[in-house]
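One structure is given here, and the rest of the page talks about it.
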Amino acid sequence: MTATYGREERTEPPAPESLYVHFPFCVSICPYCDFVVLAGRAAQGAQSRAGQLVEGLIREIELRATGAPAMAPLGSVYLGGGTPSLMSAAQVGRLLATIERTFGMAADAEVTIEANPGPAERGDLAGFRAAGVNRLSVGAQSMHVQELRRIGRRHSPGDVAATVAGAQGAGFDNISLDLLYDIPGQSLGSWRATLEAVLALEPDHVSAYALTLEDPDLQGLAGPTGDHLPLRSGARRWRERARPEQDDDRAADMYLLADDMLAAAGRPWYEISNWARPGRESRHNLVYWLGGAWEAVGPGAHAFDGARTRRWNAARLDAYLAALAAGKLPPGGADVADRATAAADRAILRLRTAAGVLIDGAAPPSAAVQWGVETGLATQGSDRIARLTLRGRLASNELFRRLLPG
């Protein structure tokens, strides 16, 4: 007997289903942000390096496509960052045309671009739509002015509303808003007001993440081939001041409130941190959670072969561009999981979703899921699918730790 976790383990890596493109530039860097981001003159103005980066991305796309398994057209493309809406519509169009020429894109492919809502950052929404982007993910984070300032955001709540209206006017009918909770100084009341303001904008999809304040340097992720940049000293000081103002119990109450309000508004959860109108779930992110293969390009970008190998590009921009200018793939690294770890990873990712995990047999991971059922963190029906309960979503790490080998 075996334990089955979503897609079966494959002996040969499949073709990628999706492509992630990382654009690492922002107008400014928020002190809580752990993504690979560069700001200042490199991001905009006469000395902007965005043009160089786009040329590098095109070269990497071509190289990655050459080395990929026999491919079906991609089902999704995700332009993330950073602030990819700082690109021109022409640059976005060039990237998508290159992807179409090399990987191929399904006729109904989901094509997402992330945008910051500030007037100087949301970009050419009509131009993006004309270039082939059909889904917009807006970094709202909060609809409370003081909270936005506390976390270093430059936009206002009114900018979020203006961005949504502009996107709708440009022809977008699939709009997602990203939110943060457990922000220092945030109250349950201000969080409720944010949720009410967001729902008034009628988004198709909402992501809500608890603010996490870690140190990539201490985790060993910021070396020359690491997938993170070193944490700035000012950001480290900000985090040290902010952590004491966070509260796990308050964060749990905020999560419960979000789940209740979003479900009541016709946007049920489909992943621990994501809610959507039925049919508007992020197809791109579902590839991650359901064990599919995806390719990724750009500094710090991560890819997965759909079996056991995760690969990443190093975060340093100069080394990234230099390698591609020489016709080589950028520096980075890879991690090949053993069979037990790969099985646990698949289980954990699927358990994050409302789809749950099919359990068959009495392998050790099945025993861990059974513990989750016995403690009320999960349910298991006659279909042999285990799914997290609401309590299980709040305490999911307790179950996930038991699933990991060793």
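The values are calculated or read from the model by the stated rules, or taken from the named source; none is laboratory data. All figures in this text were calculated on a predicted structure; none of them were measured in a lab. As a convention, Cβ positions derive from the backbone with ideal geometry for all residues, glycine included, and neighbour counts pool all protein chains shown.
Matching residues to (1) in a helix (DSSP H, G or I); (2) surrounded by fewer than 21 Cβ atoms within 10 Å (Cβ to Cβ); (3) of a type in the set (A, V, I, L, M); (4) over 21 Å from the mean Cα position of the chain (by Cα):
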| site | (1), (2), (3), (4) |
| --- | --- |
| Ile113 | no, no, yes, no |
| Glu147 | yes, no, no, yes |
| Gly171 | no, yes, no, yes |
| Ile183 | no, no, yes, no |
| Arg192 | yes, yes, no, yes |
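If you take the residues in the stretch 126-145 that are outside any strand (DSSP E or B) and in contact with a strand residue (DSSP E or B) (Cβ under 7 Å, 6 or more places away or on another chain), which one is nearest to Arg280 (Cα to Cα)?
The extreme case among them is Asn134.
In this structure, does Glu100 turn out to be in a loop (DSSP other than H, G, I, E, B), over 22 Å from Leu321 (Cβ atoms) and either of a type outside the set (A, V, I, L, M, F, W, C) or not assigned by TED's automatic domain parsing to the domain that holds Ala197 (or both)?
no
Where the second residue is part of a helix (DSSP H, G or I) and modelled with pLDDT of 90 or more and the first is in the same structural domain as Gln380 (by TED's automatic domain parsing) and lies in the stretch 336-352, which pairs have Cβ atoms under 6 Å and are six or more apart or on separate chains?
Once the first residue is in the same structural domain as Gln380 (by TED's automatic domain parsing) and sits in the stretch 336-352, its partners that are part of a helix (DSSP H, G or I) and modelled with pLDDT of 90 or more give Ala344/Leu403; Ala347/Leu403; Ile348/Phe400; Ile348/Leu403; Leu349/Trp289; Arg352/Trp289.
With the checklist (1) among the hydrophobic types (A, V, I, L, M, F, W, C); (2) in the same structural domain as Val37 (by TED's automatic domain parsing); (3) surrounded by fewer than 20 Cβ atoms within 10 Å (Cβ to Cβ) in hand, flag the one item Ala276 doesn't pass.
If we test Ala276 against (1) among the hydrophobic types (A, V, I, L, M, F, W, C); (2) in the same structural domain as Val37 (by TED's automatic domain parsing); (3) surrounded by fewer than 20 Cβ atoms within 10 Å (Cβ to Cβ), just (3) comes out false.
Taking the condition of being surrounded by 12 or more Cβ atoms within 10 Å (Cβ to Cβ) and either among the small types (Gly, Ala, Ser) or not assigned by TED's automatic domain parsing to the domain that holds Arg277 (or both), how many residues in the stretch 201-248 meet it?
Counting residues in the stretch 201-248 that are surrounded by 12 or more Cβ atoms within 10 Å (Cβ to Cβ) and either among the small types (Gly, Ala, Ser) or not assigned by TED's automatic domain parsing to the domain that holds Arg277 (or both) gives 8.
Which members of the stretch 319-360 meet the condition of being part of a loop (DSSP other than H, G, I, E, B), surrounded by 13 or more Cβ atoms within 10 Å (Cβ to Cβ) and aliphatic (A, V, I, L, M)?
Leu329, Ala337, Ala354, Ala355, Ile359
For the stretch 59-67, does any single residue satisfy the condition of being outside any helix (DSSP H, G or I) and either modelled with pLDDT under 95 or among the aliphatic types (A, V, I, L, M) (or both)?
For the stretch 59-67, residues outside any helix (DSSP H, G or I) and either modelled with pLDDT under 95 or among the aliphatic types (A, V, I, L, M) (or both): present.
Name the one entry in Gly185, Gly127, Gly171, Gly166 that is without any contact (Cβ under 8 Å) to a residue 60 or more places away in the chain, on the phi > 0 side of the Ramachandran plot and in contact with a helix residue (DSSP H, G or I) (Cβ under 9 Å, 6 or more places away or on another chain).
Gly171
Please count how many residues of the stretch 375-406 are closer than 26 Å to Asp253 by Cβ and either part of a helix (DSSP H, G or I) or not aliphatic (A, V, I, L, M) (or both).
Adding up the residues that qualify gives 17.
Of everything in the stretch 376-393 that's without any contact (Cβ under 8 Å) to a residue 12 or more places away in the chain and hydroxyl-bearing (Ser, Thr, Tyr), which residue is surrounded by the fewest Cβ atoms within 10 Å (Cβ to Cβ)?
Ser382
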